[in-house]
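The values are calculated or read from the model by the stated rules, or taken from the named source; none is laboratory data. Computed from a predicted structure; not experimentally measured. Ideal geometry is used to build each Cβ from the backbone, glycine not excepted, and the neighbour counts take in all protein chains shown.
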Amino acid sequence: MAQQATKLVVITEKVLLRDISKILEASAATGYTVMAAGGKGSRNTRSSGQPAVSDTFSNVKLEIITANEGVAREIAAKIAEKYFDNFSGIAYLDEIEVLYAHKL
Amino acid sequence: MEALLEFFTRFLTQFQSPTLAFLIGGILIAALGTKLEIPDAIYKFVVFMLLMRVGLDGGMSIREANLADMLLPAFFAILIGIVIVLIGRFTLALLPSVRTEDGIATAGLFGAVSGSTLAAAIVVMESEGISYEHWAPALYPFMDIPALVMAIVLANLYLRHRDGTSEKVRIWPIVKESLQGSALSALLLGIAIGLFTQPEKVFEGFYDPLFKGLLSVLMLVMGMEAYTRLNELRRVAHWYAVYALIAPLVHGLIAFGLGYIAHILTGFSPGGVVLLAVIAGSSSDISGPPTLRAGIPTANPSAYVGASTSIGTPVAIAIGIPLYIGLAQAVFGI
């Protein structure tokens, strides 16, 4: 039942969420998870929960699980190329073991 | 001399209004390191409630209004939106240690309109018993959208000239992005519902009674937010602080002058003139930043959001609103 897979994690600005979800939907990945994220990075401190002006200073964390590492790298490259020059963001890969992988 | 003294007395009494007290209180407790937190969801809901109330009120009164009266103030609103950005382009953006695109983005944000400042002015005016055309808040998009479009176009022209790229600036996505912003959506929906349906009961029973109370919560949040964003402003050139201190009042006074012309030509009410000055003096806090972020991605949001939220908005509310009301009382004798 268990299956090796790749998890791509992208932490970036909430204002990009709509555009990034378009990239994800156009990709071969079958789904993704979005969480509110806070913390501190090289650009500035991002709060989670307190009122933030128009989401300009809010972050999200996206997780995308795919069976194919190439797909994950391709998505990360697209996002990084388009946004990471001007927006804060980081992307990393994780090798994971998916249990009950009938949906992958 | 006596008129001047009377103006200052009236100006000082404005400082005792609860709207300003909550704003200043918010700044104060944030400076003292309060652990008080108003959740983000409540803040967003309060903004929706206030703009829906202002929109419904506006929509219901447009039904009876003579639309021709709106033409000149609407034209002035567009003009002010554009002029504010040009002023910023040729003052702030040319200063040393200010990156040109950051300066233009800041000017765009100061040209755009803040729904919360507008709501604060309405509450202060209603408690003072100053009447105004209830369609006047509908001038909001006429100033907001041209200012944001102008800033994004100017910034992109500058960047294209500097980098030699030839990417065309498309206007429609900017307009669409502004209209989809949470503040403007709520306001325009309110106007449409007020105009085409009979929302009197829900307005009188729900939106209107809650208006003042919710505004006090919003003012508290904005005060706390202003203090927090000072940190952002500290990272950028000091010129932003100077601009944020002076610009709201200059913009408001320009609008007051144009509003006065509209008063003479078409009988625009003194209350309407004050509201036009308030929306010109306000800088967008909710819908402007994401539009600018998308339109001028290389501009540093710490510069424009910091300048607007930490200094621009408190100045526009705490000094601007009493100033224009005092001025209207002195000029129009209301």
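Taking A:Ser21 as the residue in question, decide whether it is closer than 30 Å to B:Met224 by Cα, of a type in the set (Ser, Thr, Tyr) and either modelled with pLDDT under 95 or assigned to a loop (DSSP other than H, G, I, E, B) (or both).
No.
Please work out which one of (1) farther than 30 Å from B:Ile334 by Cα; (2) without any contact (Cβ under 8 Å) to a residue 60 or more places away in the chain; (3) assigned to a helix (DSSP H, G or I); (4) of a type outside the set (Val, Ile, Thr) is the condition B:Glu126 fails and give its number.
Looking at each condition in turn, B:Glu126 falls short on (1).
Going through the range B:153-188 one residue at a time, which ones are within 14 Å of chain A (Cβ to nearest Cβ), under 22 Å from B:Ser114 (Cα atoms) and in a helix (DSSP H, G or I)? Step through it out loud before you land on a result.
Initial filter on the range B:153-188 (within 14 Å of chain A (Cβ to nearest Cβ)): B:155-156, B:159, B:163, B:165, B:167, B:173, B:176-178, B:180-186.
Next, only the ones that are under 22 Å from B:Ser114 (Cα atoms) stay: B:155, B:173, B:176-178, B:180-186.
Those that are within 14 Å of chain A (Cβ to nearest Cβ), under 22 Å from B:Ser114 (Cα atoms) and in a helix (DSSP H, G or I): B:Ala155, B:Pro173, B:Lys176, B:Glu177, B:Ser178, B:Gln180, B:Ser182, B:Ala183, B:Leu184, B:Ser185, B:Ala186.
Hey, could you check the range B:275-305 for residues that are at the interface with chain A (Cβ under 10 Å from one of its Cβ atoms) and of a type in the set (Gly, Ala, Ser) and say which is farthest from B:Leu230 (Cα to Cα)?
At the first step, the residues of the range B:275-305 found to be at the interface with chain A (Cβ under 10 Å from one of its Cβ atoms) are B:284-294, B:296-302, B:304-305.
Next cut, of a type in the set (Gly, Ala, Ser) only: B:284, B:287-288, B:294, B:299, B:302.
Working: B:Ser284: 17, B:Ser287: 20, B:Gly288: 19, B:Ala294: 23, B:Ala299: 18, B:Ser302: 10 Å.
Result: B:Ala294.
In the range B:235-257, is there at least one residue being surrounded by fewer than 23 Cβ atoms within 10 Å (Cβ to Cβ), within 14 Å of chain A (Cβ to nearest Cβ) and either more than 30 Å from B:Gln180 (Cβ to Cβ) or touching a residue at least 60 places away in the same chain (Cβ under 8 Å) (or both)?
yes
Could you tell me whether any residue of the range A:35-48 is more than 14 Å from chain B (Cβ to nearest Cβ) and at pLDDT below 90? Outline the logic, then answer.
To start, the set of residues in the range A:35-48 that are more than 14 Å from chain B (Cβ to nearest Cβ) comprises A:35, A:39.
Subset that is at pLDDT below 90: A:39.
Yes.
Scan the range B:160-202 for residues that are crowded, with 18+ Cβ neighbours inside 10 Å, more than 17 Å from B:Ala138 (Cα to Cα) and not acidic (Asp, Glu) and report the count.
2
Return the only residue of B:Glu204, B:Glu232 being within 14 Å of chain A (Cβ to nearest Cβ) and either part of a helix (DSSP H, G or I) or within 17 Å of the chain's Cα centre (by Cα) (or both).
B:Glu232
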